[in-house]
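Step one of this worksheet: look at the structure below.
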Amino acid sequence: RGFTPASLLWDIPTVFGSEINQLVQPDNAYQGPVRLRLAMVNDYLTPALATMNQIGAENVWRTIGQFGISAQFETSANNLPECPGCAYLLGEGEVTLLEMTQAYGILAHEGNFAGQIQPGDDGPELSALTFTQVTDTHGQIWFSNSQADTQPVTGAQLAYLINHMLSDEAARWPSLGHPNSLEIGRPTATKMGMTAQGTDSWTVGYTPQLVVGVWLGTDAADSPHGGAPTPQMSAALWRAIMQYATRDLPSESWQAPLGINTLTVCDPSGMLPTAECPSLVSEVFLSGHEPTQADTLFRVYEVNRETGRLATVFTPPELIEARVYMLVPPEANSWAAQSAILAPPSAYDVIHMPDPSTEAEIIAPQIFTTITGNVEIQGSATGTDFTSYRLQVGQGLNPQSWLAITDDITTPVRNQWLGSWDTRDLNGLYAIQLIVLRSGQRVDTHTIQVTVDNLPPDAAIIYPEEGQVFEYQPATPITFQVQASDNLGLLQIEYLLDDQALDIQIQ
């Protein structure tokens, strides 16, 4: 459904209610932005809830059923109205150890269900094998079925992505530390967890040759919380069984099938790296699902370090410093504030403009005016030590790049034409800068801010309609309804009838 191991998920307080938040994160330790890989292997349940809500619980149960798990979509009163079906994820319903282990075995077998064709109510169906061979005490084989029937459940590429994530030992370190019980000295894909009531703990893990599931449970009525089995207990038992069962097997891992690509991405956004990205990681993708957009989670802003405001073209250069900020979505603002994640400033620096030198000055257009079309720039570029001058323009209140609109001109000018700027394809806020070069490598500059507006206002008469006929009725006015808009703002709206002014509305 478009997700990848690098997909960005948010582990933040959910909108599903305080009770669910307490169940999901009892210690209120939210991670913020995480890749799907880390959310999966560390059991960050808030992203799981949000993902289930996005995909739809019915679709989740339908997929689970293909893996042999008989869990059904529940619509009981315990379900959350904001997230139908999520209550099952938080402890409602049951699944057997055999079903769960079999499901992970399908992933271990590159997405194939291995079993035996058996008669069913709707015809032959594939079911799991309980045993493959029976021998007596004399070594005589009574029954043998070493050749399994197989049926694909999911593609080898998708199974590889899951196996790659669940076997990533380093990805589990944030929650389990290193070393931990899930590390047995060979590649294993593992998942552990505990039911919401704290009475059951699970660990299921597998290699390409073998899958082992462990359950530890107790009766909630007879066991206080202090005696309940923990995931660490089931993991320790799983480790002992798995190490013993694989002692004579070669150490193997899953080989990437065709259709899998590896790409370096920004962590945690999973997008293409930029200079602002704090960490780079290698991720695996289905071919054609690699990211194509550069990271947008981190962005550099130029800030006046004394005022903390966004720098403008008028901010003294010695006070400007580049700072990188994380751009969180609105729903993560509360988490960011609690985690001391600073939001980028929204206010611009106060404009302090020193009086320009009369020998390096733009006098037309004037600062903060609106211009359009081909603009004639006038001013002065002169002085006894004058060498040359040039004009350049940059977009925005604090341009990050400049475009020269004249060559270096060696003829001094005083209160006359400096150059022309064709703005016909431009719109928005721009800075015009005059640079005067002097002998001894000295430079004088003068910068003004202007607004380029080449888009005409859009106006339409909604009522009366074209061709509409009115019967004359004395003292009965006709009310005009109009729509008028402009990309920069409206000054006034004029109404005319047969070229005669009726009214002017000042905006």
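Worth pointing out:
- Filtering the stretch 29-63 to residues that are more than 25 Å from Asp295 (Cβ to Cβ), modelled with pLDDT of 85 or more and not in a loop (DSSP other than H, G, I, E, B) leaves only Thr63.
- Among the residues making up the stretch 1-13, a single one is at pLDDT below 90 and open to solvent by 60 Å² or more (accessible area, probe 1.4 Å): Arg1.
- Filtered residue count, the stretch 319-334, keeping only those that are open to solvent by 60 Å² or more (accessible area, probe 1.4 Å) and β-branched (Val, Ile, Thr): 1
- For the residues Asp200, Asp219, Asp168, the requirement of being buried (at least 16 other Cβ atoms within 10 Å of the Cβ) and at pLDDT below 90 singles out Asp200.
- Within the stretch 386-401, considering residues that are open to solvent by less than 40 Å² (accessible area, probe 1.4 Å) and part of a strand (DSSP E or B), the one nearest to Glu302 (Cα to Cα): Gly394
- Scanning the stretch 461-507 for residues that are hydroxyl-bearing (Ser, Thr, Tyr) and touching a residue at least 24 places away in the same chain (Cβ under 8 Å) turns up just one, Ser485.
- Residue among Pro278, Pro268 that alone is out of contact with any Lys or Arg (no Cβ under 6 Å at 6 or more places or on another chain), in a loop (DSSP other than H, G, I, E, B) and either under 30 Å from Val211 (Cα atoms) or not β-branched (Val, Ile, Thr) (or both): Pro278
- Positions within the stretch 96-123 being aromatic (Phe, Trp, Tyr) and outside any helix (DSSP H, G or I), in sequence order: Phe113
- Of Leu272, Leu249, Leu263, Leu286, all but one fail to be surrounded by 12 or more Cβ atoms within 10 Å (Cβ to Cβ) and free of Cβ contacts under 8 Å to residues at least 24 places away in the same chain; the exception is Leu272.
- Screening Ala337 on (1) in a loop (DSSP other than H, G, I, E, B); (2) open to solvent by 70 Å² or more (accessible area, probe 1.4 Å) shows it passes everything except condition (1).
- Some residue of the stretch 339-353 being within 19 Å of Ala311 (Cα to Cα) and hydroxyl-bearing (Ser, Thr, Tyr): yes
- Looking across the stretch 157-200, the residues that are among the polar types (S, T, N, Q) and within 21 Å of Leu107 (Cα to Cα) come down to Gln157, Asn163, Ser167, Thr188, Thr190.
- Residue match in the stretch 319-331 (condition: at pLDDT below 90 and in a loop (DSSP other than H, G, I, E, B)): no
- Among residues of the stretch 343-385, those that are open to solvent by less than 50 Å² (accessible area, probe 1.4 Å) and part of a strand (DSSP E or B), counted: 10
- Filter result (open to solvent by 40 Å² or more (accessible area, probe 1.4 Å), hydroxyl-bearing (Ser, Thr, Tyr), touching a strand residue (DSSP E or B) at 6+ places or on another chain (Cβ under 9 Å) and not in a strand (DSSP E or B)) within the stretch 131-161: Thr132, Ser146
- Any hit, the stretch 14-28, residues being open to solvent by 20 Å² or more (accessible area, probe 1.4 Å) and at pLDDT 80 or above: no
- When the strands (runs of 3 or more DSSP E) confined to the stretch 402-507 are screened for residues that are open to solvent by less than 90 Å² (accessible area, probe 1.4 Å) and within 18 Å of Val375 (Cα to Cα), those reaching at least 2 such residues are found at 413-422, 428-438, 442-452.
- Of residues in the stretch 289-312 being among the hydrophobic types (A, V, I, L, M, F, W, C) and within 20 Å of Leu342 (Cβ to Cβ), the one most open to solvent (accessible area, probe 1.4 Å): Val300
- Condition met for Val214 (within 30 Å of Ala108 (Cβ to Cβ), touching a helix residue (DSSP H, G or I) at 6+ places or on another chain (Cβ under 6 Å) and either in a loop (DSSP other than H, G, I, E, B) or not hydroxyl-bearing (Ser, Thr, Tyr) (or both)): yes
The values are calculated or read from the model by the stated rules, or taken from the named source; none is laboratory data. Keep in mind that what you see is a predicted model, and the values were worked out from it rather than measured. Here Cβ is always computed from backbone atoms with ideal geometry, including for glycine, and neighbour counts include all displayed protein chains. Note: accessible area is taken over every heavy atom of the protein model, side chains too, but ligands, DNA and RNA are not part of it. Shrake-Rupley method; radii C 1.70, N 1.55, O 1.52, S 1.80 Å.
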